[in-house]
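K.L.:
Questions regarding the structure given below will be posed in turn.
Throughout, read-outs are computed from the coordinates displayed, never taken from laboratory work. Since the structure is predicted, the reported quantities are computational estimates derived from the model, not experimental observations. Neighbour counts run over all protein chains shown; Cβ positions are idealised from the backbone, glycine included.
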Amino acid sequence: RNLKVNFTNPYYYIGMSMVAHREVAKGLSTLEDFNKPEVVLIARLGTTAVDAIKKHMPKAQLRLFDDEAQGLQELLNGNGHAYVSEEPMPAFMTLKHPDKLFVPLEESFTKGAIGLAVRKGDPDTLNFLNNWIRSVQDEGWLAERKHYWFETRDWASLVE
C-alpha cells in the first residue's frame, strides 16, 4: 500500500479486544487467563481475530461463526467465555448488554496504526494533514471524538 499512496502520521491506534460473558468468564481478567484449554473463545470466520487468537491464546478452544450476530448470540447464551474482535465492537456490545457482558482486558492485545492515505506526489497535503493531526491530538479533540464515537452510544439515535 505504501508504494501506491503516502500515509499521514497515525491519528489513532486500533487493535483486537474481547467482550466476555459476566458469569462464564467470571474471574478472567488477563490474556493468560483466557489462554487455557477449558476456555472457549468465539470469533467470526475469516477475520484477523482468528489469527490473533491463534497467536496470543493458542491453548483456548476456538468456535468460529460465519456471521458476527451468530457468534455474539452464542456468547449471550453463555456458550463461550469471550468473543474476540477488533475495537470498538467489544465496547459497543458491553454498552448494549451491560448486565451480561464486560470487557475483561484494560487494553487491546494487538495494536495497529491508522492514518490517512494521500496521493503520491502531494507533499503539501501530507504536511497539512500531519500538522492538523498533531494539533488536534495536542488539544484533546481526537480523544474527545474517540470517547464519543467508541465509548458511548450517545450518537446512535442520530443515525438510526
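K.L.:
Residues LEU101, LEU76: which one is without any contact (Cβ under 8 Å) to a residue 60 or more places away in the chain and either among the aliphatic types (A, V, I, L, M) or in contact with an Asp or Glu (Cβ under 6 Å, 6 or more places away or on another chain) (or both)?
P.N.:
LEU76
K.L.:
Within region 97-136, how many residues turn out to be among the hydrophobic types (A, V, I, L, M, F, W, C) and crowded, with 17+ Cβ neighbours inside 10 Å?
P.N.:
Number of matching residues: 10.
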